[in-house]
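S.K.: What follows is a structure written as structure tokens; I'll ask about it next.
The values are calculated or read from the model by the stated rules, or taken from the named source; none is laboratory data. Note that the structure is a prediction, hence the values are computed from the model and not measured. So basically every Cβ, Gly included, is an ideal-geometry build from the backbone, and we count neighbours across all protein chains shown. For accessibility, only protein heavy atoms count, side chains too; no ligands or nucleic acids. Shrake-Rupley method; radii C 1.70, N 1.55, O 1.52, S 1.80 Å.
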Amino acid sequence: MDLQDVVSAGVVEQRELLNQGVLTAQELIAATLDGIDQATDLGAFITVLHEQALAEAKERDRERAEGPVGPLHGIPIAIKDEVDVAGVVTTFGTSANSTPAAADAEVVRRLRDAGAIIIGKTAMPEFGQWPFTESSTYGLTRNPWDRSRSTGGSSGGSAAAVAAGLVPVAMGGDGGGSIRIPSACCGLFGLKPQRGRVPVAPHEHLWWALGVIGPLTRTVLDSAIVYDVIRGNSPSDRFTAPDPALSFEQAVRQPVAPLRIGYSTKSPTPLAKPDPEHMRAVHDTAKLLAELGHTVFEVEPTYPESTHAFFPQFFGGVRAEAAEVEHPELLERRTKQTVALGAWARRPAVEWAIKRGEVLTRKVDRVFADCDLLLTPTLAGRPPEVGILDGASTIAAQLRSIPMIAYTELWNVTGHPAAALPAGVAEDGLPLSVQLIGPSNGETAILSVAAQLEQARPHPRPAR
């Protein structure tokens, strides 16, 4: 048994080996930690929990010997550093916090209850403001496909860790594309769930109505398995979603009924023009979907203008997180600019923006009157070279972000589920990605079609 191959395997493969007794959780976690320690040049992790993870693994092996275990028993999972892990500082990508979290976030509690082992915290830009994982505190996070290129962001540390085969799953957050963008840059599957599907407790919100939490994985099935563990409302949730008719894992495993799938390369952001490779990926995927039995046709969506609903929540969300830090003097210069520029984004403006987003949701729902799913590019531009934020002001950083968020940001404003899925490799040697968007509460349709595409066109992986 090659432990390196086991470490770089997915949840399903690792779980099977653990269940068969081929290896122990302690062996898997020790090998996982060794791999992480050998890949520090990626900048994927902010904190690695060596002693805690090994102690958890020992406990998982003891539990397995005593009886039935959960669906993630013994599986190592990394957590983006905006989600609380007990005993670890929640940095939000900044050096301005220093006190460890007193308790696990609700998502982490559910992962542990399912048997998962928390291996560490992953890198992100300060407060997740940018679709590039770069920080004056923690440096640059590099793409495993090409270390001179960005992972995207803001869940770039999670994407790097999964794409490099360091862990099978890493949790991310998505407030404007931050699960889908790094998934696209690193050749992963990343589903932004329906707003309210996954609790953000103990926090009141994650950028108000914009932000959601979810996993980045190499396969659709792995994502579904994790979502079935973490989804479901909690008492403190402001936003909730109804339970799906069937589990996410069932949606992936069952036969796919033919659907009406519209495709478009039109950008919701007029300033952004899609790279020709991304247009080709959409057209190639549309052709494949037709071959798989779906009714596929080009559409011309009427996208509503959404920045007036997005920016109050963006600025208000950053301001809310910055107001909670222990050492505000240590915030990045650019973050201080963001806080100052967003001085107007107070509670009344944010609440207005949330209500405006609900209006936009109803408008966008018209897109799904004629199709069951919408296929688009995930990104407008290719993954840039690392260092794109060097010396950039808040305004400059926002302008540089447009090609990354052009196709993703709208769906945070409206709350619709949307997923990035691999679509081959471009001429530059980096992954291609397309985005599948569903109607409200349409994750099961996205997952079933994404799994069908994955089987017909297996996801590529970077060379070791």
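S.K.: First check a/c for the stretch 93-157, with a ≥ b ≥ c the square roots of the eigenvalues of its C-alpha gyration tensor; if it is under 1.5, answer rounded, and if not, answer prolate when a/b is larger than b/c or oblate otherwise.
M.R.: oblate
S.K.: Moving on. Roughly how big is the stretch 259-403's charge dipole about its Cα centre, with Cβ charges of +1 (Lys, Arg) and -1 (Asp, Glu), in debye to the nearest 20?
M.R.: 440 debye
S.K.: OK, next. Any chance you could get the radius of gyration and Dmax over the Cα atoms of the stretch 338-394, in Å?
M.R.: In Å, with Rg to one decimal and Dmax whole: 17.8, 46.
S.K.: Same structure, new question: Calculate the dipole size of the chain relative to its Cα centre from +1 charges on Lys and Arg beta carbons and -1 charges on Asp and Glu beta carbons; express the result in debye to the nearest 20.
M.R.: Once rounded to the nearest 20, the dipole reads 1080 debye.
S.K.: Rounded to the nearest 20 debye, what is the charge dipole size of the stretch 323-368 about its Cα centre when +1 sits on each Lys and Arg Cβ and -1 on each Asp and Glu Cβ?
M.R.: On the way: 10 positive and 7 negative charges, 82 e Å.
Dipole size: approximately 400 debye.
S.K.: Taking all protein chains as present, what is the carbon and sulfur share of the accessible area of the chain, in % to the nearest whole number, probe 1.4 Å?
M.R.: That fraction is 53 percent.
S.K.: If you take every DSSP beta bridge whose two residues both sit in the chain, what share of them, in percent to the nearest 5, is antiparallel? Don't skip to the answer; put the middle values down first.
M.R.: Numbers: 30 of 45 bridges.
Once the DSSP bridges in the chain are tallied, antiparallel ones form about 65 percent.
S.K.: Something else about it: Quickly estimate the mean residue ellipticity at 222 nm for the chain, helices only: each DSSP H run with n ≥ 4 gives -39500 (n - 2.57), and the total goes over all residues, rounded to 500.
M.R.: That calculation yields -11500 deg cm²/dmol at 222 nm.
S.K.: Among the aspartates and glutamates, which have Cα under 15 Å from the Cα of LYS336 when same-chain residues fewer than 8 positions away are ignored?
M.R.: GLU126, GLU321, GLU324, GLU326
S.K.: Then there is this: Based on the mean of other Cβ atoms within 10 Å per residue, sort peptides 31-41, 126-136 so the most packed one is first.
M.R.: My ranking of the peptides, most packed first, is 126-136, 31-41.
S.K.: Using θ = phi - 60° and the Karplus form 6.51 cos²θ - 1.76 cosθ + 1.60, what ³J(HN,Hα) does each residue of the stretch 66-71 get, whole Hz, x for Gly and Pro?
M.R.: Couplings: 9, x, x, 10, x, x Hz.
S.K.: Give the cross-link partners of LYS363 among the lysines, using a straight C-alpha distance below 22 Å as the criterion and excluding same-chain residues fewer than 8 apart.
M.R.: Filter leaves LYS192, LYS266, LYS355.
S.K.: Something else about it: Could you tell me the relative contact order of the stretch 277-414? Use alpha-carbon pairs under 8 Å, at least six residues apart, and round to a whole percent.
M.R.: Computed value for the stretch 277-414: 32 percent relative contact order.
S.K.: Using a 1.4 angstrom probe, figure out how much accessible area the chain has per residue, in square angstrom, rounded to the nearest whole.
M.R.: About 36 Å² of surface per residue is accessible.
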